[in-house]
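Below is one structure, written out as structure tokens; comments come after it.
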Amino acid sequence: MASSTVLRGTSRGAAHPTAYPLLERHVRVYKRAPAAFASGFLEPLFYLLSIGVGVAALVGEVTLDDGRTISYTAFLAPAMLATQAMNGALFDATYGFFFRLKYEKLYDAVLATPLRPVDAAVGEVLWATVRGAAYAAAFVVIMAALGLTSSWWTLLALPAALLIAFGFAAAGLALTTWMRSWQDFEFIQVAIMPMFLFSATFYPLSAYPDWMQTIVTVTPLYQAVDLVRSLTTGAVGPELLVPITYFAVMGALGLRVAGRRVGVLILR
Amino acid sequence: MIEAQALRKAYGDFEAVKGIDVSVERGEAFGFLGPNGAGKSSTMRMVAAVSPLTGGSLRILGLDPESDGPAIRARIGVCPQEDSLDGDLTVRDNLVVYARYFGIGRRDAARKADELLEFVKLTEKAHGMVEDLSGGMKRRLTIARSLVNEPELLLLDEPTTGLDPQARHVVWDQLHRLKQTGVTIVLTTHYMDEAEQLCDRLVVMDGGLIAAEGSPLSLIARYSTREVVELRMGVGENEAAAERVEDLAERVEVLPDRVLLYVADGEKVVEEAMARGLEPRSTLVRRSSLEDVFLRLTGRSLDA
Ligand SMILES: Nc1ncnc2c1ncn2[C@@H]1O[C@H](COP(=O)(O)OP(=O)(O)OP(=O)(O)O)[C@@H](O)[C@H]1O
Ligand SMILES: [Mg+2]
């Protein structure tokens, strides 16, 4: 039975915990359920194979906005990669986070420790980003293996995917703090589906009339596709600062809002 | 350890804590007693630095919860009323991961987890999932979890609710040991025997206010008589019986199943009641307990 040294012990913990232990926690949980993690790889891969093979046979080549032509599969692949980063990040930042927040009451327990609401938000975003980026990384390998990359710039698609995942994760997390029930997630679905179809994913932006181009250009998935496609096709220039800034701001804002909101919801 | 003045907590328009003064010294075991909704948990959450005050002042370990929340929480242990265990992790990982939240290194966290599992007798369940534990086991795990950071101040909100009698005694025993090592303990409870066993000092809360404060013995001396006579009459006869013996006691309480007479000398009163022709199914003379204090102050019986 316990002696008093068991109770008091001798160790004193380090005084500066951060969001890192939360990331550790999420990783530990998914190590127990590797299938749930792995399944996320499959969807965009199926799209790439079915449309990339089937439709490519009909379409053949695509002329990029800068006048170059590439194979349809090479056109589609970076869009799937960007979508991969988005979906991977959003899944945990929305459904996963909501479940932990409202049902598991994870953060009621976490905020009784020295961790702060912002640490909770950072931990979630880190994990969701890792997940989104991991899917994207696997996708890059597949693209390279299939010969769908035409430039060494493709390697930069990885940090780009990381940034994209970060932006979506933080924004998704912030939005999720306002969700009252599972039904509310329909709003997110309603936003994602058209984004997936219209963000110059399946054909170039120039296919749209001007007014629609303007709308599409401001959506995050278009920015993500644009960034990744520019890198994989080697169309690299200062204009890439636009999507980069876009996601940096989206991520920073989302994180800030999410941190505040977690505090408001839990520390009542 | 804790200094609260005119402490208030409101949720919207509703005031759950209406201005209480509480002071807890280092090494003390302090209790909050009170009926459901008295404001005990609301108070505990403010002290745990997870609920902002609505009014008054509060200092914990000499620090201000408003600005030093993380520093306070690093040094206290909290067992909330509702278990908030991590359902995605194993029993042992619950402790390891929680220790990591305090910035405790991996090896120390693992060692601490094993010690604490032993401490609350859950070693056999170490690798099971939380959802497979019984209610009482979850409670013990939550108590173990509150100790991972070797807290100076331990806040326990109804620590033994849902435990079987044996497990309760084990927990009491543990808490006594903790107290001996100098840990300050603040707990809420609905069990009067628990309060008498564990608390050096306690307050009775009712309706967001403190109704009385003192050691268990002093409260009994102040708010009750030396002895209590319990008369169990037939169903529906309690009211009538009470009227016939009112004058024999300092105070009379009529409960659904019995009449309580607060008196100095119980045997004498029983004799006199019989002489007046009362025919109780059973009688009992006992010493006053905190239960009687509680009944007097809140007008509610705990087991009713
Ligand atoms: N988050 C909340 N929002 C609104 N009202 C609340 C909230 N938490 C508590 N209350 C109200 O405040 C009052 C005091 O609640 P509290 O939980 O502090 O009581 P308690 O003394 O712990 O009761 P119990 O013995 O049932 O645990 C209750 O009327 C309760 O309904
Ligand atoms: Mg309570």
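See the values below:
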{"read-out": "Chain B: angle of helix B:135-145 to the longest principal axis, Cα-based, in degrees nearest 10", "value": "50 degrees"}
{"read-out": "Segment B:33-102: trypsin sites (Lys or Arg not before Pro) in DSSP loop, at most 10 other beta carbons within 10 Å", "value": "none"}
{"read-out": "Within the protein assembly as shown, percent of DSSP bridges classed antiparallel, to nearest 5", "value": "70 percent"}
{"read-out": "Test item: A:21-28 mean partner chain Cβ contacts at 10 Å", "value": "5"}
{"read-out": "Given charges at Cβ of Lys, Arg, Asp, Glu: the protein assembly as shown dipole, positive-most of B:A16, B:S41, A:L101", "value": "A:L101"}
{"read-out": "Alpha-carbon centroids, segment A:180-253 and segment B:29-46: separation in whole Å", "value": "52 Å"}
{"read-out": "Over segment B:2-215, relative contact order from alpha-carbon pairs under 8 Å, at least 6 apart, %", "value": "30 percent"}
{"read-out": "Relative contact order of segment B:152-281, pairs being alpha-carbon contacts under 8 Å that are 6 or more residues apart, as %", "value": "18 percent"}
{"read-out": "DSSP-defined antiparallel bridges as percent of all bridges, segment B:2-215, nearest 5", "value": "55 percent"}
{"read-out": "Accessible-area order (highest first, 1.4 angstrom probe) of the listed residues B:Y223, A:Y20", "value": "A:Y20, B:Y223"}
{"read-out": "Sulfur and carbon atoms: percent of accessible area, chain B [1.4 Å]", "value": "47 percent"}
{"read-out": "All-pairs alpha carbon distance profile, the protein assembly as shown, 10 Å steps from 0, percent", "value": "3, 15, 20, 18, 14, 11, 8, 5, 3, 2, 0, 0"}
{"read-out": "Rg to Rh quotient for segment B:2-215, alpha carbon positions, Kirkwood Rh", "value": "0.96"}
{"read-out": "Relative contact order (%) - segment B:225-287, alpha-carbon pairs under 8 angstrom, separation at least six", "value": "49 percent"}
{"read-out": "Helix-only CD estimate at 222 nm, as mean residue ellipticity for chain B, using -39500 (n - 2.57) per DSSP H run (n ≥ 4)", "value": "-11000 deg cm²/dmol"}
{"read-out": "Computed FRET value (nearest 0.05) for B:E66 with A:T63, which takes r as the C-beta separation and R₀ as 51 Å", "value": "0.25"}
{"read-out": "Neighbour cut-off at most 11 other Cβ (10 Å), DSSP loop, trypsin sites (Lys or Arg not before Pro), segment B:132-237", "value": "none"}
{"read-out": "Residue among A:A133, A:A109, A:A224 with the largest mean-square fluctuation in a Gaussian network model of chain A, springs linking Cα atoms under 10 Å", "value": "A:A109"}
{"read-out": "Where labels lie 7 Å past Cα in the beta-carbon direction, separation of B:L248 and A:D184 in nm", "value": "6.3 nm"}
{"read-out": "Chains B and A, summed buried accessible surface - 1.4 Å probe, Å², nearest 100", "value": "3500 Å²"}
{"read-out": "Value at 222 nm in deg cm²/dmol, rounded to 500, when DSSP H runs of n ≥ 4 in chain A each add -39,500 (n - 2.57)", "value": "-21500 deg cm²/dmol"}
{"read-out": "Chain B - charge dipole about Cα centre, Lys and Arg +1 at Cβ, Asp and Glu -1, debye rounded to 20", "value": "940 debye"}
{"read-out": "Chain-alone versus full-assembly comparison, segment B:176-222, residues with accessible loss of at least 30 Å² (1.4 Å probe)", "value": "B:R177, B:T181"}
{"read-out": "Positions from segment A:237-268 whose accessible area shrinks by 50 Å² or more when the full protein complex is built, not the chain alone, probe 1.4 Å", "value": "A:L267, A:R268"}
{"read-out": "Members of B:K18/B:K40; A:K102/B:K9; A:K105/B:K138; B:K18/B:K179 lying beyond 20 Å, as alpha-carbon distances in this model show", "value": "A:K102/B:K9; B:K18/B:K179"}
{"read-out": "Average projected area [Cα convex hull, chain A], square nanometres", "value": "17.9 nm²"}
{"read-out": "Inter-chain shielding of A:103-110 (mean C-beta neighbours from other protein chains, 10 Å cut-off)", "value": "5"}
{"read-out": "Accessible area in square angstrom per residue, the protein assembly as shown, 1.4 angstrom probe", "value": "43 Å²"}
{"read-out": "Chain A: DSSP helices with Cα axial extent of at least 20 Å and average Kyte-Doolittle hydropathy no lower than 0.0", "value": "A:42-59, A:72-91, A:117-145, A:157-176, A:241-266"}
{"read-out": "Estimated D of segment B:225-287 in µm² per second, where Rh is the Kirkwood radius over Cα pairs and Stokes-Einstein applies at 25 °C, 0.890 mPa s", "value": "220 µm²/s"}
{"read-out": "Cα long-axis angle, helix B:91-101 against chain B (0 to 90 degrees, to the nearest 10)", "value": "70 degrees"}
{"read-out": "Euclidean distance between Cα centres, segment B:169-196 to segment B:60-95, Å", "value": "18 Å"}
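The values are calculated or read from the model by the stated rules, or taken from the named source; none is laboratory data. Since this is a predicted model, take the numbers as computed values, not measurements. Backbone-built Cβ (ideal geometry, glycine too); neighbour counts: all protein chains shown. Calculation scope for accessible area: heavy atoms of the full protein, side chains included, ligands and nucleic acids excluded. Shrake-Rupley method; radii C 1.70, N 1.55, O 1.52, S 1.80 Å.
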